[in-house]
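A quick write-up on the structure given underneath.
The values are calculated or read from the model by the stated rules, or taken from the named source; none is laboratory data. Worth saying up front: this structure is predicted, and the values here are computed from it rather than measured. All Cβ positions, even for glycine, are placed from backbone atoms using ideal geometry, and neighbour counts span all protein chains on display. Side chains included, ligands, DNA and RNA excluded: accessible areas come from the protein's heavy atoms. Shrake-Rupley method; radii C 1.70, N 1.55, O 1.52, S 1.80 Å.
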Amino acid sequence: MGELKTNYGENVECKCAKVNMSNVEIGADECEVNDDRPNKDLLKHLQSLVECPVCLGSIRTVPVSCCPSGHVICSDCRSQLVSCPVCRTVYPSMQLVSHLAAGIIDKIPHPCQFKAYGCSQSLLLSSLPAHETSCSYRLVSCPNILCNLKISLAGLYRHMIVNGCASQHDLKVTSSLPSVSTVLMTGRVKNVDELLYKIPLVFSYEGNMFLIIKKQSADMIQFSASILGSPEQGRQFMVSIAVFSERMPCHVVEYKGFANSVDGPVWCALTVHKDHMGELLDQVEENQC
């Protein structure tokens, strides 16, 4: 049995449990490139034929613009240039397109758009959007309301700890039930406004990282638990959040639901009116702070 106490203005108890997913298989129709195949050099050559020479991104849409010499360029970069970045030939007033490049695009795997952040996946266009939506290297917003940076998901935890954007805590088993753990956050603040600026809490459970986040919408305060992963991963964990006062332990609000994704919609959350939240706070006088 154990409790973790941090400097929060309310008591927030979060219980995390692994959902039995033994009868559920989660997969993706992905065609990963095998770099050991004999024709890997040919594949790389074909990929280079549809690579934009300006942004170095893989061209994924047709028609594919090109210069009179046949050098291709993506539509975004083409709109900003008047001459070919390879041969410096001025683009004619009539748009030229490459049918060769258009024929290649749908036939070869394309690297993930988050390749620069560490992703090594290359997939056919039909599978690429689904992968990039849940890619472990995708860019997400830092959950701290005072930080405006977008960080690769793979580096989000380090960013939050190094820059003080979240508070690290250990989740301890406090239940007799198997696979159920609890983290308890306690402390004091002067008012609800001060509560909202307390940084998120981050903890680990069964090899996954989770966040407890607070947000205000109009007169409502929202407490939610999110996994640093995909919505599919979040649905493998059941989370309970309870907010209560030590001085009035019978006054408690709680909810139970799946963990949300850190960059997805908040489907499951505990919502408390700010007036009720004020009653739950263990407030202190000004001279006690």
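Looking across the stretch 110-154, just one residue is in contact with an Asp or Glu (Cβ under 7 Å, 6 or more places away or on another chain), in a loop (DSSP other than H, G, I, E, B) and of a type in the set (A, V, I, L, M), and that is Leu125. Here Met1, Met94 are screened, and the one residue that is at pLDDT below 50 and not in a strand (DSSP E or B) is Met1.
Asp76 fails exactly one of the following numbered conditions: (1) open to solvent by 50 Å² or more (accessible area, probe 1.4 Å); (2) more than 23 Å from Arg138 (Cα to Cα); (3) in contact (Cβ under 8 Å) with a residue 12 or more places away in the chain; (4) in a helix (DSSP H, G or I). What is the number of that condition? Result: Asp76 passes all but (2).
Restricting the stretch 226-240 to residues that are open to solvent by 10 Å² or more (accessible area, probe 1.4 Å) and touching a Cys at 6+ places or on another chain (Cβ under 8 Å), the residue that is farthest from Val140 (Cα to Cα) is Ser240. Among the residues of the stretch 23-71, write down those that are among the charged types (D, E, K, R) and at pLDDT 90 or above. Correct list: Glu51, Arg60.
Among the criteria (1) in contact with a helix residue (DSSP H, G or I) (Cβ under 8 Å, 6 or more places away or on another chain); (2) open to solvent by less than 30 Å² (accessible area, probe 1.4 Å); (3) modelled with pLDDT under 80, the one Cys165 does not fulfil is (3).
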